[in-house]
1. Which count do you get for residues in region 7-26 that are over 17 Å from residue 58 (Cα atoms) and at pLDDT below 80?
2. Can you name the number of the only condition in (1) within 25 Å of residue 7 (Cα to Cα); (2) in contact with an Asp or Glu (Cβ under 8 Å, 6 or more places away or on another chain) that residue 84 fails?
3. In region 64-84, which residues are more than 13 Å from the chain's Cα centre (by Cα) and either within 21 Å of residue 21 (Cβ to Cβ) or aliphatic (A, V, I, L, M) (or both)?
4. For the chain, list the helices (runs of 4 or more DSSP H) that sit wholly inside it and hold at least 3 residues that are among the aromatic types (Phe, Trp, Tyr) and surrounded by 13 or more Cβ atoms within 10 Å (Cβ to Cβ); which are they?
5. Consider residue 87 carefully, then state whether it is closer than 23 Å to residue 101 by Cα and over 17 Å from the mean Cα position of the chain (by Cα).
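The values are calculated or read from the model by the stated rules, or taken from the named source; none is laboratory data. Only a predicted model underlies this, so the values are computations on that prediction, with no experimental measurement involved. Ideal geometry is used to build each Cβ from the backbone, glycine not excepted, and the neighbour counts take in all protein chains shown.
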Amino acid sequence: MENIENLTFHYTITGIAIFIFQLLVIAASIIIIIKYKKSIGAKIILVGTLLTLLSIILSQIGPLILDHPSDEEFFKNQIIITYLNTISFFVFTIGFFLFAVKDLKHENNNI
């Protein structure tokens, strides 16, 4: 069985990687908004990515804020973050769907 320091290291490294990847998704969302200024879908995509970033940050700092939480406190915290993450993915998916159906279809008609 692994010791807690090794598990903490892996948790931190994966959290940093996810954070960096999410920043790339936010950058791509901003590029889409710049290119499609009138796109509601693109704006919703950005909101979804920002909410996802918030849930990533909370999942990393939540245990630190709770300061040695009990198992029950830890899982309650994780459940709240999971709900936020689910909502953020839902918002992103709606935005992506609207963008794909409405904005890309409109652009293809102009070619």
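1. Summing the residues that are over 17 Å from residue 58 (Cα atoms) and at pLDDT below 80 in region 7-26 gives 1.
2. (2)
3. Looking only at region 64-84, we keep the residues that are more than 13 Å from the chain's Cα centre (by Cα), and these are 64-80.
Across region 64-84, the qualifying residues are 64, 65, 66, 78, 79, 80.
4. So the answer is 71-98.
5. Working: closer than 23 Å to residue 101 by Cα: yes; over 17 Å from the mean Cα position of the chain (by Cα): no.
Here the answer is no, as residue 87 does not meet what is asked.
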